[in-house]
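Below: the structure, in structure tokens.
The values are calculated or read from the model by the stated rules, or taken from the named source; none is laboratory data. What you see is a predicted model; the values in this text were computed from it and never measured. All Cβ positions, glycine included, derive from the backbone under ideal geometry; neighbour counts span all protein chains shown. Remember, those area values only see protein heavy atoms, side chains included, never the ligands or the DNA or RNA. Shrake-Rupley method; radii C 1.70, N 1.55, O 1.52, S 1.80 Å.
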Amino acid sequence: DSKRRILNGRQAFTPELAQSQENRLRMENHLRRAADNDEFRLVYQPQVDLRDGATVAAEALIRWQNHQLGEMRPDHFIGHAETTGDIVRIGGWVLREACRQVAEWRDAGLGIIRVAVNVSYRQFLVEDLAETIRKALEEHRLPGSALELEFTERVLIEDAPDTLRTFAALREMGMILTIDDFGEGYSALNYLRRLPIHGLKLSQLFVEGVPGNHSDVAVCQAVAGIARSLGLGLVAEGIESEAQRRFMLELGVPVGQGFLFAPGLPPDEFARRLAPQR
Ligand code: C2E
Ligand code: MG
Ligand code: MG
Ligand code: MG
């Protein structure tokens, strides 16, 4: 059960461990060169109005296709890239590519669509994130409001000295700032008052269990209450069933994302979804 999985820091050195370390090194070697080798692409998952299913935004999700390792999901490599520091370069590519794509959609008259990009805590620590994003927007003549940034609670715990300043700068540029996977992490409630953010994304860890599981229902209600009383937006992720959609609507959650509506789509497929509702 993923909710109860505990990572064991100490492990005996076994052949399996040696093998897994070798695999890790192999992956990290490929990862280092992946951006230069053009091995990444982005797919776009619609965020929809839960009442009528209209697409209101898209979340960009990275995919890695390596000729030796095959297709890799981000959960398998983002953590490594954070450890090695490669995430800063990869994250920079993601930001530029998302800007390029959203500019293309806007230029094609597909509407004033906004793209949400996942940003790692390491990008806050290592670089001047606001400057990186300013350049990416400028290159494609985009307003800050074309972007939404999703970051996890990890950013809050790392508490880099410049984090608050960076948040203020990003908000100043018109970007929507959202805490991803809310409830999974450390729920630094104290930070919610300090940070100039716009919204929360209710983790699919809890969405999964509604409406049947009582404790998941309680967590969803609590998060909705926090969002409402702090005046924050709320997006429910991982909606897979009609019952979950209805539950979220009754809870007053306006926007959702999940396989019930669409998975991450290649750009042309996403654009086809937008075209009829222009
Ligand atoms: P996330 O940001 O919370 O993204 C949601 C993940 O849930 C995505 O997995 C998405 O495909 C999946 N998902 C969406 N709807 C459903 C559903 O109804 N049911 C289920 N079971 N899953 C659903 P994905 O694309 O594998 O990404 C996993 C995580 O990797 C993301 O979680 C995010 O934390 C990270 N990630 C993805 N792209 C990037 C990126 O460009 N940069 C960084 N730093 N992290 C990224
Ligand atoms: Mg996300
Ligand atoms: Mg999420
Ligand atoms: Mg997640």
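Here are the numbers for the structure shown:
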| read-out | value |
| --- | --- |
| Condition broken by G183, with the remaining ones in (1) at pLDDT 85 or above; (2) within 16 Å of ligand 1 (Cβ to nearest atom); (3) touching a strand residue (DSSP E or B) at 6+ places or on another chain (Cβ under 8 Å) satisfied | (1) |
| Count of the stretch 112-137 residues which are within 16 Å of ligand 4 (Cβ to nearest atom) and part of a helix (DSSP H, G or I) | 1 |
| Any helices (runs of 4 or more DSSP H) falling wholly within the stretch 164-260 and containing at least 1 residues that are under 15 Å from the mean Cα position of the chain (by Cα) | 204-207 |
| Hits in the stretch 138-157 - residues which are assigned to a helix (DSSP H, G or I) and within 18 Å of the chain's Cα centre (by Cα) | G144, S145, A146, R154, V155, L156, I157 |
| The one condition in (1) assigned to a loop (DSSP other than H, G, I, E, B); (2) away from ligand 3 (no atom under 16 Å from the Cβ); (3) not polar (S, T, N, Q) that R273 fails to fulfil | (1) |
| One residue from A168, A218 being free of Cβ contacts under 8 Å to residues at least 12 places away in the same chain, away from ligand 3 (no atom under 16 Å from the Cβ), of a type in the set (G, A, S) and out of contact with any helix residue (DSSP H, G or I) (no Cβ under 8 Å at 6 or more places or on another chain) | A218 |
| The stretch 235-253: number of residues that are more than 16 Å from ligand 3 (Cβ to nearest atom) and polar (S, T, N, Q) | 1 |
| Qualifying residue in the stretch 53-68 (condition: within 16 Å of ligand 3 (Cβ to nearest atom), in a helix (DSSP H, G or I) and without any contact (Cβ under 8 Å) to a residue 60 or more places away in the chain) | no |
| Unique match (being open to solvent by 60 Å² or more (accessible area, probe 1.4 Å) and within 15 Å of ligand 2 (Cβ to nearest atom)) among R63, R73 | R73 |
